[in-house]
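Structure first, then comments.
The values are calculated or read from the model by the stated rules, or taken from the named source; none is laboratory data. Bear in mind the structure is a predicted one, so any value in this text is a computation, not a measurement. Here Cβ is always computed from backbone atoms with ideal geometry, including for glycine, and neighbour counts include all displayed protein chains.
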Amino acid sequence: MENRFEMFTVSIARISRAIRKIENQEMKDMHLRSFHVECLYYLYATDANTATKLCEKCGEDKATISRTLEYLEANGYIVREKTEKKRYNSVIVLSDLGEETGKLIANKIEHVLMEVSFDLKEKERNTLYSCLFRIAERLDAICEENA
């Protein structure tokens with residue numbers, strides 16, 4: 001049992017640290033950190049166009065997303081629509097710089113994903129993602145039960 005716990009927690013932690021390190025290394029010259037990278041990616045590649053939607057996509061809390069968006073806005077990567085709505089629900093649009101950077105990030109992510117899974121068959125990859133999703137769902141449920 002102890003080995004199983006160690007294999008699971010250490011592997012997940014190593015993967016998470018490696019992803020953050022790659023994000024930080026790849027974007028260092030642009031003065032972007034891993035949270036900036038994730039937000040720009042989701043703004044570029046998905047329909048996430050509000051802070052609320054970014055929280056869902058990134059799995060991050062409101063405070064982290066708010067700080068990240070403030071940085072991206074102050075540095076010219078995004079523009080927020082001025083509306084009567086709460087700022088948290090205002091529509092976010094990538095600037096030209098944000099669009100260019102989002103495309104660069106998406107290409108780098110695609111390259112890394114190909115590198116890490118080059119020897120996995122599609123069925124293996126699908127099984128892996130399915131298992132990870134189910135584990136995450138169950139861990140979330142356990143957290144809710146214990147809250």
| said: With the structure loaded, tell me whether Leu120 is hydrophobic (A, V, I, L, M, F, W, C) and part of a loop (DSSP other than H, G, I, E, B) or whether it fails that test. | reply: yes
| query | Within region 15-29, is there a residue that is closer than 19 Å to Leu97 by Cβ and surrounded by fewer than 17 Cβ atoms within 10 Å (Cβ to Cβ)? | reply | yes
| Thr64 being modelled with pLDDT of 90 or more and out of contact with any Leu (no Cβ under 8 Å at 6 or more places or on another chain) | yes
| task | Kindly indicate which of Ile109, Ile105, Ile135, Ile65 is farther than 25 Å from Glu26 by Cα and among the β-branched types (Val, Ile, Thr). | result | Ile135
| query | Which of (1) surrounded by 10 or more Cβ atoms within 10 Å (Cβ to Cβ); (2) at pLDDT 90 or above; (3) part of a loop (DSSP other than H, G, I, E, B) is the odd one out, the single condition Thr83 does not satisfy? | reply | (2)
| field | Only listed residue being surrounded by fewer than 13 Cβ atoms within 10 Å (Cβ to Cβ) and more than 15 Å from the chain's Cα centre (by Cα), chosen from Glu100, Glu110, Glu73, Glu6 | value | Glu6
| task | Please enumerate the residues belonging to region 2-22 that are within 21 Å of Ala136 (Cβ to Cβ) and either modelled with pLDDT under 85 or among the small types (Gly, Ala, Ser) (or both). | result | Ser11, Ala13, Ser16, Ala18
| task | Take region 30-49 and flag every residue that is within 13 Å of the chain's Cα centre (by Cα) and surrounded by 19 or more Cβ atoms within 10 Å (Cβ to Cβ). | result | Phe35, His36, Val37, Glu38, Cys39, Leu40, Tyr41, Tyr42, Leu43, Ala48
| said: Return the residues of region 112-127 that are within 30 Å of Met27 (Cα to Cα) and in contact with a Ser or Thr (Cβ under 9 Å, 6 or more places away or on another chain); say none if nothing qualifies. | reply: Arg125
| said: For the list (1) hydrophobic (A, V, I, L, M, F, W, C); (2) at pLDDT below 90; (3) surrounded by 20 or more Cβ atoms within 10 Å (Cβ to Cβ), I need the number of the one condition that Leu54 fails. | reply: (2)
